[in-house]
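Asks: Pasting in a structure now, in structure tokens, and then I'll have a few things to ask.
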Amino acid sequence: MKFGIIVFPGSNCDHDCYHVVKHVFNQEAEYVWHKETSLKGLDCLILPGGFSYGDYLRTGAIACCSPVMSEVVSFAGKGGLVLGICNGFQILTEAGLLPGVLMRNRDLKFICKDTFVRVDNDSTVFTGRYGKAEAIKVPIAHADGNYFADKEAIDALEGSGRVVFRYSTAAGEVTPEANPNGSVNNIAGIINEKGNVLGMMPHPERAAEQALGSIDGRGLFESIIEGFAGQ
């Protein structure tokens, strides 16, 4: 399986993602510069975390206009797997590949800490290695992780099982206290209607090796790799 890690000016988690897929899971991987106009030969795209274009205007608002994004949209439209992490999630919403928007955190502060998220949908290509309602420990690092969408969009997400991850306690309880940023319904990650585009604020690539304090993020990458191999 070959991963492409999209690199924008200001990306800073691209090397983390490359390391995990290349050196932890022994998959092919390459960096894709934001001016690239071809994604030929790639099986899964990762839009990593960071501060693309300095997060001017709105987070992801400039990056979504990069030349590569038209190819990302086309790739997703053909069923290609796309994973947006943190800033990558913000870019996917700005590009219209996922509904909603990521706003400033409720307390208007940058948050960098370990959190627990509950797996609310374990039947996606991204979550097959997890159990239903399993709580996993993954870090967050963002100032704009407060997910919001109008009632119609939220109802559609909830009604179709497209809320994949939700902030929770270590026991998997979804409570206001477990919500670090004010996201509607404690939403931490969502998927598109086709099920091939996932956006999430937590960083699974920073929870894929024991030296980092958690390996709970491994299941996401294992799910992608095994799901692709089973096609």
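Readers should treat all values here as calculations from the given coordinates under stated rules, not as data from a laboratory. Please read these numbers as outputs of a predicted model, since none were measured by experiment. With ideal geometry, Cβ positions are generated from the backbone for all residues, glycine too; neighbour counts draw on all protein chains shown.
Asks: Multiply the residue separation of residue 23 and residue 57 by 0.36 nm, subtract the distance between their alpha-carbon atoms, and state the gained length in nm to one decimal.
Replies: Length difference between fully extended and current span is 8.7 nm.
Asks: Just to be sure I understand the model, the point goes 7 Å from the Cα along the line to the Cβ. What's the resulting residue 30 to residue 2 distance in nm?
Replies: Taking the simple label geometry, residue 30 and residue 2 are separated by 0.5 nm.
Asks: Antiparallel DSSP bridges in the chain: what percent, to the nearest 5? If you can, show how the numbers build up before the last one.
Replies: On the way: 23 of 40 bridges.
Counting DSSP beta bridges with both partners in the chain, the antiparallel share is about 60 percent.
Asks: Between exposed trypsin sites (Lys or Arg not before Pro) in the chain, where DSSP calls loop and at most 14 other Cβ atoms lie within 10 Å, what's the longest gap?
Replies: 133-193
Asks: If you build a Gaussian network model of the chain, linking Cα atoms that sit under 10 Å apart, which residue out of 48, 67, 204 swings the most?
Replies: Per the Cα network of the chain with a 10 Å cutoff, 67 tops the list.
Asks: Under 1.5 on a/c is rounded, so check that first for the stretch 2-229, then, if it is not, pick prolate when a/b is larger than b/c and oblate when it is not; a ≥ b ≥ c are the square roots of the alpha carbon gyration tensor eigenvalues.
Replies: In terms of gyration-tensor shape, rounded.
Asks: Further question on the same structure: What value in Å³ per residue do you get for the convex hull of the alpha-carbon atoms in the stretch 1-105?
Replies: Working: hull volume 9.5 nm³, N = 105.
Given the Cα convex hull of the stretch 1-105, per-residue volume reads 90 Å³.
Asks: Residue by residue through the stretch 67-77, what is 3J(HN,Hα) from phi via Karplus (6.51 cos²θ - 1.76 cosθ + 1.60, θ = phi - 60°)? Round to whole Hz and write x for glycine and proline.
Replies: Running phi through 6.51 cos²θ - 1.76 cosθ + 1.60 with θ = phi - 60° gives x, 5, 5, 5, 6, 5, 4, 5, 4, 5, x Hz.
Asks: Next question. Which of 56, 167, 31 moves most in a GNM of the chain, Cα contacts under 10 Å?
Replies: For the chain, modelled as a Gaussian network with Cα springs under 10 Å, the answer is 56.
Asks: Related question: Want the number for residue 137 to residue 194: 0.36 nm per residue separation, take away the alpha-carbon distance, what's left?
Replies: Result: 17.8 nm gained on full extension.
Asks: In percent, how large is the relative contact order of the chain, given Cα pairs closer than 8 Å and 6 or more residues apart? Let's see the in-between values first.
Replies: Working: 540 pairs, mean separation 44.0, N = 231.
Taking the mean separation of contacting Cα pairs over the length of the chain, I get 19 percent.
Asks: Taking the Cα centre of the chain as origin, sum charge times position over the Cβ atoms of Lys and Arg (+1) and Asp and Glu (-1), and report the length of that vector in debye to the nearest 20.
Replies: 120
Asks: Rounded to the nearest 0.05, what FRET efficiency do residue 222 and residue 173 have when you use their Cβ-Cβ distance and R0 = 30 Å?
Replies: 0.70
Asks: Based on DSSP H runs of at least 4 residues, each adding -39500 (n - 2.57), what is the mean residue ellipticity at 222 nm of the chain after dividing by all its residues, to the nearest 500 deg cm²/dmol?
Replies: Working: 5 runs with 46 residues, N = 231.
So the calculated ellipticity at 222 nm is -5500 deg cm²/dmol.
Asks: Additional query: Sorting 11, 74, 52, 214 on the 10 Å Cβ count, fewest up front, what's the list?
Replies: Neighbour counts put them in this order, fewest first: 74, 214, 11, 52.
Asks: Related question: Starting with the fewest neighbours, write out 110, 25, 221 ranked by other beta-carbon atoms found within 10 Å of each beta-carbon.
Replies: Going from least to most buried by this count: 110, 25, 221.
Asks: Quick one: what are the phi-derived ³J(HN,Hα) couplings along the stretch 98-113, Karplus 6.51/-1.76/1.60 with θ = phi - 60°, whole Hz, x for glycine and proline?
Replies: Result, ordered by residue: 9, x, x, 8, 9, 9, 4, 4, 3, 8, 6, 10, 5, 10, 9, 6 Hz.
Asks: How many angstrom lie between the Cα centre of the stretch 47-120 and the Cα centre of the stretch 13-46?
Replies: The stretch 47-120 and the stretch 13-46 have Cα centres spaced 16 Å from each other.
Asks: What does the charge count around residue 129 come to, taking other residues whose C-beta lies under 14 Å from its C-beta (Lys +1, Arg +1, Asp -1, Glu -1)? Write down the numbers at each step before the final one.
Replies: Details: positive: 132, 218; negative: 122, 134, 216, 222, 226.
That sum, taken over residues with Cβ under 14 Å, equals -3.
Asks: Here's another thing I want to ask about it. Just check the stretch 50-110 against the gyration tensor rule for me: Cα atoms, a ≥ b ≥ c as the square roots of the eigenvalues, rounded for a/c under 1.5, and otherwise prolate or oblate depending on whether a/b exceeds b/c.
Replies: Working: a/c = 2.48, a/b = 1.77, b/c = 1.40.
The shape class here is prolate.
Asks: Sort 220, 83 so that the residue with the fewest other Cβ atoms within 10 Å of its own Cβ comes first and the one with the most comes last.
Replies: The order, fewest Cβ neighbours first, is 83, 220.
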